[in-house]
1. Using modelled backbone amide H atoms (1.01 Å from N, in-plane), which distant-in-sequence or interchain residues come within less than 5 Å of A:Gly221's amide H?
2. Which whole-number percent gives the relative contact order of region B:2-81, counting Cα pairs below 8 Å spaced six or more residues apart?
3. So in the protein assembly as shown, what percent of DSSP beta bridges are antiparallel if you round to the nearest 5?
4. Normalised by the number of residues in chain A, what is the relative contact order in percent for Cα pairs under 8 Å and 6+ residues apart?
5. Can you give the FRET efficiency to the nearest 0.05 for A:Thr391 and B:Ala45, using r as the Cβ-Cβ distance and R₀ = 35 Å?
6. Report the charge-dipole magnitude of the protein assembly as shown in Debye, nearest 20, computed about the Cα centre from +1 at each Lys and Arg Cβ and -1 at each Asp and Glu Cβ.
7. Could you line up A:Arg349, A:Arg481 from fewest to most neighbouring Cβ atoms inside 10 Å?
8. Can you run the Rg to Rh ratio on region B:290-365? Use alpha carbon positions and the Kirkwood inverse-distance Rh.
Amino acid sequence: MTSAAAEPEVQIATRPRRSAQLAMLIFAMVITIAGFAQVGLARDGTLPTGMYGYGAGLAVLVAISYALIVRFAPYADPLLLPLAVFLNGIGLAMIYRLDLGTSRDVQLARAQGKNPSGIWASAPNQLMWTALSIAAFAATIVLLREIKVLQRYMYTIGAAGLFFLALPGFLPSSISGSLGAKIWIRLGPFSIQPSEFSKLALVAFFAGYLVNKRQALSIVGKKIGPLNLPRARDLGPILVIWALCLGVLALENDFGTAILFFGLFVSMLYIATERFMWVAIGGLLLAGASALTPFIPHVQQRINIWLDPKSYFDGGCQVGNKIINQIGTVAACHAKGGTYVADSGQLMRGLFSLGQGGVLGTGLGQGEPWRTPYSFSDFIFTSFGEELGLTGAMVILLVYALIVQRGMKAALATKDNFSKLFAGGVSFVFALQVFVIVGGVTKLIPLTGLTTPFLAQGGSSLLANWILIAILIRISDTARRPAPQPIQDEGMTQVVSTR
Amino acid sequence: MNKPLRKVSVAGLLLVVILIINVNYIQGSQADKLKNDPLNSRQFAQQWQYNRGPIMAGKVTLAYSTKTDKDGKNYQRHYNQGTLYSPITGYVSVFSRTGLEGAENPLLDGTDKRLALHNWFDALVGKKAAGATVQTTIDPDAQQAAYSGVKDRTVRRGAAVALDVKTGAILAMASFPSYDTNDVAVHDGDKATKAFAALKKKPDPMLNYATRETFAPGSSFKIIDSAAAIEGGLGTKDSGFDANEFHLPVTGRTLHNSDGDEAKCTGSPALIESFAASCNSTFARLAGTLGQQRLSAMAAKFGFNKPTQIENEVSSATSVYPTKQIDGDQLARSGIGQEVVTASPLQMAMVAQAVANDGKLMKPYLVKRVVAQDQSELVTAEPKELGQPISSDTAQQLQEMMRAVVDHGTAASTVGGQDIAGKTGTAETGAGGINEDWFVGFAPKDNPKIAFAVVTEGPSGSTGAKFSAPIALRMVQAVR
């Protein structure tokens, strides 16, 4: 166990860097508003009326958060807020663009006497959630002065996180189910994806727990070859988390969330104990769990689709040993005497969307990303890939990388162990989430429904991610704040200014 | 904790780097493949936005596009005599593309890289390149003669193919039943679905019977038997071959010759006479002498047992001479083109083409040239030799034999005295008393320019000579 004092000092700039932050914010806003303008120009040849409303709305929210940061967290990392604003802004522009398309389709369907159902892209809703999220962001900045206070309530927070994570699994599918996974709580017009908040709560809990137990967990029991093994009794926590994640998998059919939480715990365990053995053990447990996937039909389907998407395009129907694709409906498959297996239509259409975009993209508003189901939420990345091309997709991925790295930097800079673990944990889980969803829609790994942070339509995700950014900003402010200056003219009594 | 933190931070970065590499792979190198994926319906929905170039046959326009709205955002595809030319043009629909519309799509819609080069400035300002003109090898008169002939004669299905003897260019390719390609080339998805549903009947009007279906070739297969016999050194066209009554080796049943030919098919007449009279006894026996190996090898040299590529993405169905062990009866019947042997009309036309071309088999093709709007020639067909299944000498003997068929053989009663040569074929299918009636040959008889195969399905008692030979004659006369 290395003591914190023996580690090299992390170089931190203690200047507030307000003007840099402001300049970057304006830049992010200009891109967003230009996005809206391009949608309008491409579709109707005029600047869209929505541009002024959405642009002004977003600008006010951003101005308020900037003012609050200047007042309450002046030393905060100057990049985090502009990066979040950029992603949220272009996400809003894309949803606005898809909304224009779908509302036209919906109107047409209504005019033809059909009753369109399903979830549509809705820019007004997304703007409302953006406002709420930035309000939550502001509240977090103002109210949560010291992140350490969360450590006191870690068990409460952990229990709440677990409760909300598990809740949809026990609710009837009519309330919690969607596209095979049960990860929602739907109340009237509102739907919440509680796992988004559970994620933050569990990071807080893990951080608190590991700060207390890190000494014990880093003790090496046996050594086998190059691998250090922990003591058997210390295996408890990781096995509990592993079992919980498997429970999530079985109850909610959601292996994305399961991988996310397991990866989160293992990475935090590694950071806290500095023992690579935990990563190795995590890998073994993961391999063990993957052996179980054939027994979970929903997960097995996703894997089959990933391996051979063409066979399942627009409905795969298994007749004997053969899989016939493009069967259309379950009924059509039953009519052939087969079993309906799975549908890769969404994944394939997402890939076609990316292919259409090519290197430079079709231009915002000029492609047809709406051809992919859920092009505004789970598949918003492919929508960007189509209209902004490889170029735009890489920019988005690099912005994600920057957020992760700024979060990690805050973790490195802070001296408080709890904050360090928290910042490191949320940053890594953020990267993991981006990897699972973007990797899923680009057929790098089997597809699983996680939200694309800041871009995808959906209140829970937006809210949770803005709170995450607020916490990172708070941690970075604490870390970068100059050490208290002694006031020399007070004689023998040294008064320390805390501000 | 900073040491592992740094490692985790690198791991986080690595995850994003992997994503970036993957996105580069998909959007950078796989984009074209994804765009042209047959499952990708985008290409079909967007195709109305392209001003597709015309498809021509000589001076006749087979397919062309017109603007459907004033600002020129959408185009409608029209087909001139769609029913007649459907096997050639194919169609564009919201679901699929077939025929030349599919094969030459990038050139027709202007997305081909060779066209982009011609107007790079337009590409820069987002203008679409105008589609190129596809000039086919089809002779409109021959096509018309072939189609109406087949349509008048057949009771079920039929097809006719004419090839240029020297180049292999397809001069006519008619298929019946057919459909109007205009019916399916509609913008509205619901209408297109209905149009396709209306075409789902038997026999399938959307199938190209000239290339995508195989029939029993019947006695027209005797050309291949004779080729194998002469090439194999069993004799020449003038050598005598046993034509007496033949009994199938396994079941011992008698293999009958067609009525009225018994007198000619006795003793040991010259091969040319057995051929002219189409003696089943001679050729069933000959098949047994040659054996499955030599017959299948000869058939394969003519193009059997593998699909024949006509253009990119346009190829024929595989004509089959079995390579798996068959019994003696099957072998005997294969000699008269029955039971185990099947051939597409295109395949039999290729056999006639090789014979007429002194043994050289040419690759059949449909596109003569592709011309961009600025008149620059993008594609010029170059005739390609597929091989030489038979020697020039053998070919000339076979030509002589095919002339004899018309002169005093099975076809004399219907096309005798005409400037044409060929081999008749009548295969009993057993299904509903329908016969496959063939006439496979070339014209003019002494200086072959056109090779052909015509198949019609006639009622019981119909023959290739009666039903198909006159169609072939009209078709080749239309070319001249």
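Please treat every number below as a calculation from the coordinates, not as lab data. Values in this document were obtained by computation on a predicted structure and should not be read as measured data. So basically every Cβ, Gly included, is an ideal-geometry build from the backbone, and we count neighbours across all protein chains shown.
1. Excluding prolines and chain starts, which carry no amide H, the hits are A:Leu229, A:Arg231.
2. Values: 60 pairs, mean separation 13.5, N = 80.
Across region B:2-81, relative contact order equals 17 percent.
3. Details: 72 of 76 bridges.
Among the beta bridges of the protein assembly as shown, antiparallel pairing accounts for roughly 95 percent.
4. Values: 759 pairs, mean separation 99.4, N = 499.
Computed over chain A, the figure is 20 percent.
5. Working: r = 25 Å, r/R0 = 0.72.
Result of the calculation: an efficiency of 0.90.
6. Details: 87 positive and 70 negative charges, 786 e Å.
Once rounded to the nearest 20, the dipole reads 3780 debye.
7. Values: A:Arg349 24, A:Arg481 17.
Fewest-to-most Cβ neighbours within 10 Å comes out as A:Arg481, A:Arg349.
8. Details: Rg = 12.9 Å, Rh = 13.0 Å.
So for region B:290-365, dividing Rg by the Kirkwood Rh gives 0.99.
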